Amino acid sequence: MKAAVVRQFKQALVIEDRPIPTPGPGEVVVRLEASGLCHTDIHAAHGDWPVKPTLPFVPGHEGVGLVTAIGAGVTRVSEGDRVALPWLGYACGTCEYCVSGWETLCLQQQNTGYSIDGCYAEYAKASASYVGIVPPGVDPFDAAPLSCAGVTTYKAVKVSGARSSDLVAIFGIGGLGHLALQYAKIAGATVVAVDISADKLAMAKRLGADYTVNAAEEDPVLAIQRLGGAHAAIALAVAPQAFEQAFGSLRRKGTLVFVALPADNAVSLPIFETVLQGITVVGSIVGTRKDLNEVFELHARGRTTVIRETRQLSTVNESIDDVLRGRVSGRIVFDVRDSSAQPVRQLQEVGALA
């Protein structure tokens with residue numbers, strides 16, 4: 001099979017031939033159709049974070065495809081089922097976090113495309129218990145971004161406590177942000193979209209944002225405070241300054257949700273204002289299997305739209321560069337069904353807007 005492999009941090013990925021994996025007990029092998037490009041994959045390939053993947057490895061944790069082989073003891077899925085391979089590739093199932101509904105905090109977890117080989121490949125192996133079941137009728141190229149960008153922002157909106165009477169500010173409108181604003185709207189909130197790209201802000205308006213703020217042209221803190229201040233701000237831009245602006249945009253008793261993981265792992269927040277204004281600062285990692293099921297069901301009902309651009313896996317290095325340079329409005333999704341095909345790009349706006 002063809003796979004894009006990280007052999008050295010901060011170096012170009014290498015497309016190479018690898019053996020098709022064989023499932024062990026409790027595992028499945030999936031013939032991948034689609035694999036989304038998440039900024040986390042770039043951090044993994046660059047070795048940006050304190051705990052680094054073991055080289056060489058195959059990144060990618062937004063994979064969707066058809067089960068082609070099952071290991072001993074697997075009853076949850078069958079050959080031919082369409083499944084998603086999310087970031088949470090495995091958790092122990094017995095620790096205090098797993099049994100209390102926070103399996104994403106399990107200390108024994110394995111992460112797809114990071115601690116175990118991921119989805120930038122024609123085939124991937126996964127734990128049968130942790131794959132997501134893709135509902136009939138959901139396009140695999142939509143399901144791929146939903147399995148990370150979707151479930152991550154869906155969980156962040158849940159954690160924010162957003163309600164129908166709230167003003168919610170989304171900082172960073174891209175692969176994650178364009179979905180976050182939709183989940184906030186589903187919760188009934190009034191949404192302010194903040195970005196430095198006019199094109200992304202125009203997309204946000206099409207997706208239902210009530211207000212947009214171009215942070216390259218005006219101070220988002222002042223703009224949002226003129227609206228009364230945000231009840232919740234969700235930080236999705238990979239820049240510490242955006243986190244600080246999100247904090248400043250809050251009204252008293254507001255909630256700031258940390259989601260993005262900038263390579264520059266530090267942010268400066270004032271203690272005095274945090275205490276006196278009763279501000280809550282909370283981190284939100286990806287959602288659970290239950291959250292992912294809910295994300296898929298919302299999309300199956302036509303409640304969400306995935307903005308995506310389809311490319312071949314052979315464009316992986318160019319695609320990473322495009323993401324880093326801010327040249328992508330939504331999500332890049334690799335078509336991994338035939339990695340030998342010529343690169344193709346096609347902008348898709350599907351789902352609720354179709």
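The values are calculated or read from the model by the stated rules, or taken from the named source; none is laboratory data. Just so it is clear, the model here is predicted, and its values are computed rather than measured. Virtual Cβ from ideal backbone geometry, glycine too; neighbours counted across all protein chains shown.
Determine, yes or no, whether A4 is among the aliphatic types (A, V, I, L, M) and under 21 Å from V259 (Cβ atoms).
no
Within segment 181-282, considering only strands (runs of 3 or more DSSP E) that don't extend past its boundaries, which have at least 1 residues that are without any contact (Cβ under 8 Å) to a residue 40 or more places away in the chain?
190-195, 211-214, 250-258
Tell me, please, whether a residue that is of a type outside the set (F, W, Y), modelled with pLDDT of 95 or more, in contact with a helix residue (DSSP H, G or I) (Cβ under 6 Å, 6 or more places away or on another chain) and within 30 Å of Q11 (Cα to Cα) can be found in segment 22-31.
The answer is no; no qualifying residue exists.
Restricted to segment 38-52, and to residues that are among the hydrophobic types (A, V, I, L, M, F, W, C) and in a helix (DSSP H, G or I), which residue is nearest to L324 (Cα to Cα)?
Among residues in segment 38-52 that are among the hydrophobic types (A, V, I, L, M, F, W, C) and in a helix (DSSP H, G or I), the one nearest to L324 (Cα to Cα) is I42.
Look through V77, V5, V67 and report the one residue that is part of a loop (DSSP other than H, G, I, E, B), touching a strand residue (DSSP E or B) at 6+ places or on another chain (Cβ under 8 Å) and not hydroxyl-bearing (S, T, Y).
On inspection, the qualifying residue turns out to be V77.
In segment 198-222, what residues are among the small types (G, A, S), farther than 23 Å from V306 by Cβ and either surrounded by fewer than 21 Cβ atoms within 10 Å (Cβ to Cβ) or not assigned by TED's automatic domain parsing to the domain that holds L176 (or both)?
Within segment 198-222, A216 is the sole residue that qualifies.
Which one is surrounded by the fewest Cβ atoms within 10 Å (Cβ to Cβ) among residues in segment 88-126 that are aromatic (F, W, Y) and farther than 13 Å from V58 by Cα?
Per the criteria, the residue is W102.
Could you list, in sequence order, all residues of segment 304-318 that are in a helix (DSSP H, G or I) and under 18 Å from S147 (Cβ atoms)?
The answer is L313, and nothing else.
Looking at L32, L66, L55 in this structure, which one is surrounded by fewer than 15 Cβ atoms within 10 Å (Cβ to Cβ), more than 20 Å from D322 (Cβ to Cβ) and aliphatic (A, V, I, L, M)?
L55
Which of the residues spanning segment 25-52 are without any contact (Cβ under 8 Å) to a residue 60 or more places away in the chain and either within 18 Å of G65 (Cβ to Cβ) or touching a strand residue (DSSP E or B) at 6+ places or on another chain (Cβ under 9 Å) (or both)?
G47
Looking at T280, T274, can you tell me which residue is under 30 Å from N111 (Cα atoms) and at pLDDT 95 or above?
One residue alone meets the criteria, T280.
From A72, A12, grab the single residue that is touching a residue at least 24 places away in the same chain (Cβ under 8 Å), touching a Pro at 6+ places or on another chain (Cβ under 8 Å) and surrounded by fewer than 23 Cβ atoms within 10 Å (Cβ to Cβ).
Answer to the check: A72.
May I ask you to list the residues in segment 88-119 that are without any contact (Cβ under 8 Å) to a residue 12 or more places away in the chain, more than 19 Å from K155 (Cα to Cα) and not in a loop (DSSP other than H, G, I, E, B)?
E96
Could you please find all residues in segment 283-320 being hydrophobic (A, V, I, L, M, F, W, C) and either touching a helix residue (DSSP H, G or I) at 6+ places or on another chain (Cβ under 8 Å) or modelled with pLDDT under 95 (or both)?
Answer for segment 283-320, where residues must be hydrophobic (A, V, I, L, M, F, W, C) and either touching a helix residue (DSSP H, G or I) at 6+ places or on another chain (Cβ under 8 Å) or modelled with pLDDT under 95 (or both): I285, V286, L292, V295, F296, L298, V306, I307, I320.
For residues that are among the basic types (K, R) and in a helix (DSSP H, G or I), scanning just segment 152-180, find the one that is surrounded by the most Cβ atoms within 10 Å (Cβ to Cβ).
Taking the candidates together, the pick is K155.
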